[in-house]
Amino acid sequence: MTATDVIELDLGSISGDNHGEVTSYLGIPYASPPLGESRWKPPQPVVPWVGVRECTGYGPACPQPKSKFYDVGNTSEDCLFLNIWVPANGREAKVPVLVWVHGGAFTTGAGSLGLYEGMNLAAQGVLVVTINYRLGPLGFLALPGLSDESPFSVSGNYGLLDQIAALEWIQSNVSQFGGDKDNVTLFGESAGAVSACHLLSSPLTTGLFHRAIVESGPIWVEKGLPAASRPLETAEKTGLKLVEELGLVDKSNSVSSLRAVTAEKLVETASPGEGLAVLKNELQFGPVIDGWLLPGNPVSQIAQGNVHDLPLLVGANANEANLFLEGMTVTGDSFEKIVNLVFGEYSNEVIDMFPLGENEDAATILSELFTVNEFIAPARFLAESFGSLQSNSYLYNFSRVAPGNPLGACHGSEIPYVFGNFDQALGYTDADHRLSRTIMSYWTAFARTGNPNRNGLPEWPPYSKEEDKLLQFGETISANKGLYSEACDLAERIHLGE
């Protein structure tokens, strides 16, 4: 590993690490630190620096509660960094750009997680970028006092504004690394996938990306589970609840008082819990339908075609909800109570669609129900909606179970295959590595042309409502038809009011 040639940006010069096939530039600031009076403000441009900035280590993650799924290391409010991996030919040729938005329920995560290390994906001849964005109450707090500060009378979408600022930075700077600013694919998983859907429906992102990959995005806005987004008025009420929980009684001065609260205290007070505990949490922070960045309910916007008409690759995993229900005891009674809580007037139809047989495990059926409703059905809806536009869409289902994984093809289990990053201690086999190379080939072909098909790979048909075909990634790869069609129809009726 050797120091690279210096890259000169308008902001200053940077250096990174040359790994042979790929050169990495880590911890590049794309916006000024959102500290002090800049907390809960749109991201501001980076102040230029003098000399060469060494970009050989990740910047800190944004403040967040501890997660049982990963350790993000050091955190700081000074967290608006991105990371770039450039293939060996990148400096000489315009290569496609893939921009990763991490998941974590808009509460945890970072672009610096080892799972998202871009070396192997970049070696396929694409430039890979991962980003941090503000999370939880620091990224998505809405409050009447904050809306009063805004020239657009809005608040709450600071994390999405960070993502947009990163995309704008890429437009201004990626050509210096050899990336093609006119061929940018936005891709993400979970909250990152939801982010991509929100940005697809935002007027503020025109021209900032040209294709999208949506992995396991629970985009529904209505009904009992935590919403992918909420109206500004609802979000402001949540903000006032946080003020109350913090004991800041003087509401008229709540903004200045909140800016004096430590990030640690804000995160601790707003911590959502895990699993289904989030259903009881009144302090849920995420994207806000503000009439400016998000002009309307993104699901409705997408259904009506009020989106950027771009090629879309979208899908979900076969056992998504196993991750969230792990360790839960579910009885027949609690199964019905949860279904009633989440689905209300549709509960009987849902139970008829997912009946709990006398000898069946309630947790297994509940997981299947939530997997279909929250992940498989939204993926089909997105494929159908974008497939009806001028651009094509491509739908997948990932069912490969890694050796020794008791949770099956659960939420996030496709990520090691997409990035080619495997923890060998978990027993991944040659078959897993082959599948990973195939998935990376599909993803990078899509990034190049908007079509994932390439010579030597099983054909991936564009999605159409009539054919209802998807590509199944399991023990083998095959084009299948009609996955949970009736249950997906019911989910669309529930969430779209059809």
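Bear in mind these aren't lab numbers, they're just calculated from the coordinates by the rules spelled out. The structure presented is a predicted model; accordingly, all values stated were derived computationally and were not measured. All Cβ positions, even for glycine, are placed from backbone atoms using ideal geometry, and neighbour counts span all protein chains on display.
Annotation: peptides 102-109, 258-265, 466-473, ranked by per-residue average of other Cβ atoms within 10 Å with the highest first, follow the order 102-109, 466-473, 258-265. With the simple spin-label model, which puts each label point 7 Å out from Cα in the Cβ direction, the Glu467 to Thr364 separation comes to 3.4 nm.
What the Cβ-Cβ distance of Asp333 and Lys68 gives, at R0 = 41 Å and to the nearest 0.05, is a FRET efficiency of 0.90.
Sorting the segments 309-320, 429-440 by their residues' average number of neighbouring beta-carbon atoms within 10 angstrom, most packed first, yields 309-320, 429-440. Shape of the chain from its Cα gyration tensor (a ≥ b ≥ c, root eigenvalues): rounded if a/c is under 1.5, otherwise prolate when a/b > b/c, or oblate? Oblate, since a/c reaches 1.5 and b/c is not below a/b. Span-like helix criteria (full DSSP H runs; alpha carbon extent of at least 20 Å along the helix axis; mean Kyte-Doolittle hydropathy of at least -1.0) are satisfied in the chain by 158-173, 430-449.
Legend: calculated FRET efficiency, Lys237 to Asp489, from the Cβ-Cβ distance at R0 = 35 Å, rounded to 0.05, equals 0.55. Could you list the residues of segment 41-84 with an amide nitrogen less than 13 Å from a label point located 7 Å from the Cα of Glu268 in the Cα-to-C-beta direction? Label zone hits: 65-66.
All other residues with a Cβ under 9 Å from the Cβ of Pro43 taken together, and with Lys, Arg as +1 and Asp, Glu as -1, what is their net charge? Within the 9 Å Cβ shell, the charges total +1.
In the chain, the calculated helix contribution to ellipticity at 222 nm averages -9000 deg cm²/dmol per residue, counting -39,500 (n - 2.57) for every DSSP H run with n ≥ 4.
Among beta bridges identified by DSSP and lying wholly in the chain, the antiparallel ones come to about 40 percent. The peptide list 228-235, 133-140, put in order of mean Cβ contacts within 10 Å with the highest first, becomes 133-140, 228-235. In this rough spin-label picture, where each label sits 7 Å from Cα along the Cβ direction, the Val47-Gln171 distance is 2.6 nm.
By the Cβ distance rule (another cysteine Cβ under 4.7 Å), the unpaired cysteines of the chain are Cys55, Cys197, Cys410, Cys488. Note on Glu245 and Ser76: the extension gain reaches 58.6 nm, defined as 0.36 nm multiplied by sequence separation minus the Cα-Cα distance. Placing unit charges on the Cβ atoms of the charged side chains and taking the dipole of the chain about its Cα centre, the candidate lying farthest along the positive direction among Leu310, Val261, His19 is His19.
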